[in-house]
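The values are calculated or read from the model by the stated rules, or taken from the named source; none is laboratory data. Here the structure is a predicted model, which is why all the values come from computation and not from measurement. Backbone-built Cβ (ideal geometry, glycine too); neighbour counts: all protein chains shown. Keep in mind that these areas ignore ligands, DNA and RNA; they rest on the heavy atoms of the full protein, side chains included. Shrake-Rupley method; radii C 1.70, N 1.55, O 1.52, S 1.80 Å.
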Amino acid sequence: ATVSVLYWEGGRRPRLRGANKMLLLGKTNVFRQAGDLLHLMSVLIVLYKMLRLKSCVGLSLKSQFIYAVVFTARYVPTIMHSQSLYLMAMKLFFLSTSWLIVYLMRFKIPYKASYDPKLDSFKMRYLFITAAVLAVFLHYDNPHFIVEMLWTFSEYLEALAILPQLLLLNTIIEQGRRWELLTAHYVACLGLYRMCYILNWVYRYLYENRWNWVDTTSGTIQTLLYADFFYTYFNGLAKLRMRLP
């Protein structure tokens, strides 16, 4: 059996079912496409910063690792199921690049040398425990329990994944230093990506009668976490106080 993870109606995710046709793009809308492009851009910014500038200053390895776990839990169980080519490509891209970034920051010189673990002090275990507990008690009923639990766990974990990065940036400000512009742009793209996905969910509810409270709740919480960052980010851009890397 295969699973379609693209669509659901009446507030419930679909049951596993066969599918004979793989579409190029699948059913989407402008808000989802904009969100995907912003998400893609955020990863490309990190890769450019690391591969071209040979630096990961200002980046949280813990956030990068959490995102890699998120994509693994969400995509690996369904990677071979029938789906659009677009969705398949995005899954493979985020899976491969997330673990590549983690590997470079953790093990490879010169990237490892530019990473400061003292700044990256958030305790990851609290985020994993919180996401796991929420997934156990707040999830959709589905006969394919493991797939459903992994998907739900990844949704809650993604909502919290940015916290180590935000704490690191806050620590930099407290030390009287300035953010590097590329790092700030990376986090801004992630925040805007989630905002676009909220608009996507609203659109689907209004025009397609489709709703998923796990997506919406976790995505809204994640977006709200960016509030203080965006205040500093746009204020810094206006005053040109961020330095180029």
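Just a few scattered comments:
- J(HN,Hα) series, the stretch 216-231, from Karplus relation 6.51 cos²θ - 1.76 cosθ + 1.60, nearest Hz, glycine and proline x: 5, 5, 5, x, 5, 4, 4, 5, 5, 5, 7, 4, 5, 4, 5, 4
- Estimated vicinal HN-Hα couplings, Hz - the stretch 182-194 in sequence order (Karplus 6.51, -1.76, 1.60; Gly, Pro = x): 5, 5, 5, 4, 4, 5, 4, 4, 5, x, 5, 4, 5
- In the context of the full set of protein chains, residues of the chain present 51 Å² of accessible surface per residue (probe radius 1.4 Å, heavy atoms only).
- The stretch 41-158 shape via C-alpha gyration tensor axes, a/c threshold 1.5: oblate
- Over the chain, Cα pairs under 8 Å with separation of 6+ residues give a relative contact order of 30 percent.
- For LEU138, the solvent-accessible surface with a 1.4 Å probe is about 80 Å², rounded to the nearest 10.
- Degrees separating the helix 30-51 axis from the principal Cα axis of the chain, which is the longest one: 40
- Modelled FRET efficiency - R0 22 Å, PHE107 with THR220, Cβ distances, 0.05 increments: 0.05
- Inter-label distance, LEU51 to LEU199: 2.9 nm, where each label sits 7 Å from its Cα along the C-beta direction.
- Label assignment, Rg and Dmax of the Cα atoms in Å derived from the structure, set [x] 31.7, 124; [y] 22.4, 79; [z] 18.4, 58: [z]
- Protection-proxy order for peptides 66-77, 176-187, each taking the mean of Cβ atoms within 10 Å per residue, highest first: 66-77, 176-187
- Shown for the chain: the carbon plus sulfur share of the solvent-accessible area, taken with all protein chains present and a 1.4 angstrom probe, equals 66%.
- Table column - 3J(HN,Hα) (Hz), the stretch 154-169, Karplus curve with 6.51, -1.76, 1.60, x for Gly and Pro: 5, 5, 5, 5, 4, 4, 9, 4, 7, 4, x, 5, 5, 5, 4, 5
- Based on C-alpha pairs under 8 angstrom that are at least 6 apart in sequence, the stretch 61-163 has a relative contact order of 42 percent.
- Long-range HN-HN contacts of ARG210 with modeled amide H, under 5 Å: TYR205
- Summarising the label geometry, the points placed 7 Å from Cα in the beta-carbon direction at PHE128 and TYR207 lie 4.1 nm from one another.
- FRET efficiency, GLU174 to ALA238 (Cβ-Cβ, R0 30 Å, nearest 0.05): 0.90
- For the peptides 124-134, 211-221, residues were scored by their other Cβ atoms within 10 Å and the scores averaged per peptide; the highest-first order is 211-221, 124-134.
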